[in-house]
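The next block holds one structure in the form of C-alpha cells; read it before the comments.
Read-outs: derived from the displayed coordinates by stated rules, not from any lab. Please read all numbers here as calculations on a predicted model, not as lab measurements. We place every Cβ from the backbone using ideal geometry, glycine too, and count neighbours over all the protein chains shown.
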Amino acid sequence: MGGEWFQLNDIRPLNCIIGPLGSGKTRLARRLAEELPGSAFLALGRTCEGQPAEELRADSRLGARAEDQHARLVENGAAPSSILFDLVTHLEADRSGALVINMLEEGLDQASQKALIADLRRRGPDAGSLFFTTRSSSILDLASVGGGEAIILCPANHSPPMLVAPYPGTPGYEAVALCLADPQVRERTRGVTAVRRKVA
C-alpha cells in the first residue's frame, strides 16, 4: 500500500476489512486478491475476474449448489433476490484461494445481511478463507465476532492497516465502531466517495 509494508500472518476463515470513507479498504482488498495465490476479487457489480454469476451457473453442479444455498438463506430470513443469488453463486464456486468481496452487504436488506453472515459463520474449514469489506453493523456485529474472524482496520490517516480485537478498549476498537452503521443509514450514504481537497 503506497510502499508501506503490511503483513497479515493470521488469516481466519472470515476476515473483515473496515475503515472510513476513503481509507483504502477497496485498494487493500484488491491487493490481497492479487497477492494471495488462487484468490479472486468480487467487485460491486458482482463480477469476479470479469465473469458474471450467470456464466458460472452454466456449470449445472454449481448452479444447483447455488440454488440450494439461496433457498436455505431465504428459509433463514433472507429476502429472495438476484443480487443474493449472484453473491451465493460466487461463494459456492470452486477456487484454490480466498474470495475477496467488495462491500459484502451491497444490495441486501438487513434481514438478508443477518442471514448471510450467520450462514458464513457456520461454514466448515474446507470452505476456504473469505475477505470482505463492510461498513454494516449487521454484517460486523462486534458483540458476535467469534474466534474464526479477524477485523482489519484501514485507519483514516492512511497509516498501515491493523488487526483489531473485538473488545472495548483495545487499540482501534472505537475507530471500528465509529465506521459501522445500521443498513438503513448505510443506504443513505451509498455511492458517496471521499475526495481530498487541495489546499492552496
The chain: angle of helix 25-35 to the longest principal axis, Cα-based, in degrees nearest 10 | 60 degrees
Whole-Å semi-axes of segment 38-141's equivalent ellipsoid (Cα gyration tensor) = 19, 16, 14
Label point 7 Å beyond Cα of Ile11 along Cβ direction - residues of segment 30-66 with amide nitrogen under 19 Å | 30-43, 48-49
Between rounded, prolate and oblate, where does segment 14-188 land on the alpha carbon gyration tensor, with a ≥ b ≥ c its root eigenvalues, rounded for a/c under 1.5, else prolate if a/b exceeds b/c?
-> prolate
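How much length is gained on full extension from Ala177 to Ile83, taking 0.36 nm per residue of separation minus their Cα-Cα distance? Write out the running numbers ahead of the final one.
On the way: separation 94, 0.36 × 94 = 33.84 nm, distance 2.69 nm.
Additional length available on full extension: 31.1 nm.
Please state the charge dipole magnitude for the chain, taken about the Cα centre, from unit charges on C-beta atoms (+1 on K and R, -1 on D and E), reported in debye and rounded to the nearest 20. Don't jump to the answer; show the numbers that get you there.
Numbers: 22 positive and 24 negative charges, 144 e Å.
That gives a dipole near 680 debye.
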State the extension gain, in nm to one decimal, for the chain segment bounded by Asp126 and Arg95, taking 0.36 nm per residue of separation less the distance between their alpha-carbons.
-> 10.0 nm
Principal-axis tilt of helix 60-75 within the chain, Cα atoms, nearest 10 degrees = 70 degrees
